[in-house]
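This report concerns only the one structure given below.
Each reported figure results from applying straightforward, stated rules to the coordinates on display, with no laboratory input. Values in this document were obtained by computation on a predicted structure and should not be read as measured data. No Cβ is skipped: glycine too gets one built from the backbone with ideal geometry, and neighbour counts run over all protein chains shown.
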Amino acid sequence: MTIKQEQISALRGDRRRRQWTLFLSILIVAVAVLFAVPNVRHLVLRAAGWALVASDPEEPADIIVIAVDAGSAGVLEATDLVRRGMATRVAVFAESPDPLQQEFAKRGIPQSNQVARSIRLLNALGVTATEEIFPIPSGTEEEAQILPRWCDQNGFQTIIFVSTPDHSRRTRRALHRSMSGHKTRVLVRYSTYSSFNPDSWWLTRDSVRTELIESEKLLLDVLRHPLSGY
């Protein structure tokens, strides 16, 4: 390389360094301004929270299904939906009783797992028409695999699926994929009783962890299935 070529290469390197320095400086200033202005910061944080949330319009359905991880918040939301006339029946995911549970039941001792607790809560809140879906899934993807077959077997036209806010968008995407080609419409609703609040998730450590984990899972789902809905 000649001296002139070395000089040109050095000038190009300096130019690239100046460009990167300018870009980083602008980025740092933008971030500083963002977090220096409370209103802007809150808007961005709220937008990040609501990016995880999805909810379909409320309308009558054949049955309400509570997500396996919705817990008591899902029970309360399902109860409200029943009271508003959206459905008369509620289903929960359940695991088949093992011999020990059956023996306790014979002796008059009710089950004490989450499924039994959810059904007792539903009954106590006035929802007596309950059903169990087998087997119990380990997460969102398995829920999406179980529901189409169960809906086909029961001939449901429309179901309402109650999820938590932080899972609702990813859940709707998974159900949109799994229900393709089936007759059942699935309306996803999130529980307003959940501890995750998209308007203030950054104020508690648990919600911050939830936001980070669920954002990563949602992003991965979008990258793996870019055409599966919104």
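Brief remarks on what is shown
- Take the Cβ atoms of Asp152 and Asn39, set R0 to 35 Å, and the FRET efficiency comes out at 0.10.
- Residue-count net charge about Asp56 - beta-carbon cut-off 12 Å; Lys, Arg +1, Asp, Glu -1: +2
- Contour excess over end-to-end distance, with Cα ends at Phe104 and Ser138 and 0.36 nm allotted per residue: 9.7 nm
- Cβ-based net charge around Thr164, under 10 Å, with every Lys or Arg adding one and every Asp or Glu removing one: -4
- Dipole size of segment 104-230 about its Cα centre, with +1 on Lys/Arg Cβ and -1 on Asp/Glu Cβ: approximately 260 debye, rounded to the nearest 20.
- Each Lys or Arg adds one and each Asp or Glu subtracts one; over the other residues with Cβ under 13 Å from the Cβ of Glu143, this totals +2.
- Residues with amide H under 5 Å from that of Phe93, placed H, sequence gap 5 or more: Ile66, Ile133
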